[in-house]
1. Bin width 10 Å, origin at 0, all Cα-Cα pairs of region 326-427: what percent of pairs per bin?
2. How much length would be gained if the chain were fully extended between residue 155 and residue 49, taking 0.36 nm per residue of separation minus their Cα-Cα distance, in nm to one decimal?
3. For each pair in 62/257; 62/369; 18/213, compute the distance between the two Cα atoms and list the pairs where it is over 29 Å.
4. Apply the Karplus curve 6.51 cos²θ - 1.76 cosθ + 1.60, θ = phi - 60°, to the phi angles in region 313-321 and return the couplings in whole Hz, x for Gly and Pro.
5. Calculate how many DSSP beta bridges within region 326-427 are antiparallel, expressed in % of all such bridges and rounded to the nearest 5.
6. For a protection proxy built on the mean count of beta-carbon atoms within 10 angstrom, sort 35-46, 219-230 highest first, please.
7. Along each of the three principal axes of the Cα atoms of region 125-179, give the extent in whole Å, ordering the values from largest to smallest.
8. Given Cβ point charges of +1 (Lys, Arg) and -1 (Asp, Glu) and nothing else, what value in debye, to the nearest 20, does the dipole of region 241-372 about its Cα centre take?
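Bear in mind that the values in this text are calculations on the coordinates, not laboratory data. For clarity, every value in this text was computed on a predicted model and none was experimentally measured. Note that we place each Cβ from the backbone using ideal geometry, even for glycine, and neighbour counts take in every protein chain shown.
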Amino acid sequence: MNILLIGSGGREHALAWKIAASPLVERLYCAPGNAGMARDGELVALDPADHGAVIAFCRARKIDLVVVGPEGPMGEGIVDALAAAGIKAFGARRAAARLETSKGFTKDLCRKYGIPTAAYERFAAAVPAKDYVRAKGAPIVVKADGLAAGKGVVVAQTVAEAEAAIDMMFGGGLGDAGAEVVIEEFLDGEEASFFALCDGETAIPLVSAQDHKRVFDGDRGPNTGGMGAYSPVPIMTPAMERRAMDEFVLPTVAAMKEMGMPFTGVLYLGLMITASGPKLIEYNVRFGDPECQVLMLRLMSDIVPALLASAQGQLRNFDLRWFPDTALTVVMASKGYPGSYGKGSVIEGLDEAAAVADVEIFHAGTAEKDGRIVANGGRVLNVCALGKSAVEAQRRAYEAVDRIRWPEGFCRRDIGWRAVAREQTRIT
Ligand code: AMP
Ligand code: GLY
């Protein structure tokens with residue numbers, strides 16, 4: 001088979017690595033890819049927004065399957081355009097991508113189909129939104145309806161803070177994303193993510209992961225795309241995973257089908273595990289980044305038949321096998337991220353780092369210049385390790401991190417702290 005993979009982040013490098021390991025794959029092309037992905041496939045300078053060019057490339061190179069990593073191209077309808085041209089694609093269609101691109105859409109779906117989530121109301125103007133906040137009191141959560149690059153959610157500790165967020169959003173502070181606002185109940189608990197592969201009709205479970213969204217140790221500082229992740233998550237017990245499928249994934253797949261917008265691809269559940277059970281914080285229509293990196297390390301089965309089954313509506317009775325080990329990834333980012341940062345600094349020691357047992361390094365914002373790897377983005381590297389425990393996976397990942405010579409970069413030193421703390425209290 002020939003496969004075209006769309007995207008250029010750490011998520012896509014992990015997918016490229018796993019796809020390239022499949023005996024079914026003849027050629028893998030990555031558009032646009034990054035310096036690390038060049039080892040697993042051939043980089044092609046295609047613009048995913050130019051559907052005509054992507055289709056022409058697929059025809060010329062006899063592509064059997066297109067795998068779409070990020071939500072952007074899905075929201076722009078790349079899966080629909082490819083399907084119309086008779087080309088199989090893994091990912092969500094434009095209408096189904098609304099599960100990620102509109103919080104109001106997802107909240108209404110939850111309400112209609114009894115999917116557990118925070119109580120909420122939708123607003124199109126500031127005055128009724130503020131009345132609602134005053135009636136409910138704080139803490140309360142104010143969310144822009146659309147995608148806002150991680151800035152669209154304000155967990156307000158006071159009514160005044162919530163009112164300021166409402167003014168900011170309706171004042172155009174987030175552009176079109178804030179033209180509508182969802183206000184919801186504050187949920188207390190531990191967050192965990194869970195993933196399922198869907199084919200429009202049915203779904204199969206993948207595994208759990210936990211991200212670390214804040215930039216600094218101890219979960220302090222501004223939100224980022226994710227500074228590290230690990231899998232499995234202790235709080236996602238087999239019983240909790242069953243509930244994730246029964247109470248969230250399966251009813252959502254059935255609802256989307258009933259509404260005439262069948263969901264295909266990966267459904268990413270952002271859950272809050274509260275005292276009264278799991279509640280949905282958000283859906284995404286793609287693998288997480290960096291969550292995908294730890295999922296790919298734990299996946300024992302060939303991923304290609306699963307991606308194909310999802311794209312072809314054949315997931316029923318499909319099964320995937322996983323390593324029971326813990327996988328953990330530490331993101332190395334350019335100093336200044338998630339604010340402004342420089343580009344072009346040289347990164348050394350990658351081969352020495354990759355030589356640590358059970359370590360894999362996935363690139364994100366890197367480029368190759370004169371035979372050397374240079375930083376070319378905010379999140380730059382994912383240093384991933386497998387271990388028999390979270391403690392072991394964490395030790396290996398940081399041993400590899402410490403072999404990388406990149407003074408212009410930084411990382412968190414506490415990735416996996418919840419799982420590590422749990423293991424340590426069990427031992428002592
Ligand atoms: P989202 O962009 O929807 O993932 O929200 C970003 C972050 O805001 C989440 O990861 C949570 O930490 C927090 N959050 C969102 N909704 C709630 C809620 N209802 N209660 C408490 N925290 C929330
Ligand atoms: N790491 C969070 C996300 O991919 O949305």
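1. 17, 46, 27, 9, 1
2. Numbers: separation 106, 0.36 × 106 = 38.16 nm, distance 3.36 nm.
Here the answer is 34.8 nm.
3. On the way: 62/257 31 Å; 62/369 31 Å; 18/213 25 Å.
Correct reply: 62/257; 62/369.
4. Calculated HN-Hα couplings, in order: x, 10, 7, 4, 6, 7, 9, 10, 10 Hz.
5. Numbers: 22 of 22 bridges.
Restricted to region 326-427, the bridges split so that about 100 percent are antiparallel.
6. Values: 35-46: 18.3, 219-230: 20.7.
The peptides rank, most packed first, as 219-230, 35-46.
7. 27, 20, 14
8. Numbers: 12 positive and 17 negative charges, 92 e Å.
Using only the charged Cβ atoms, the result is roughly 440 debye.
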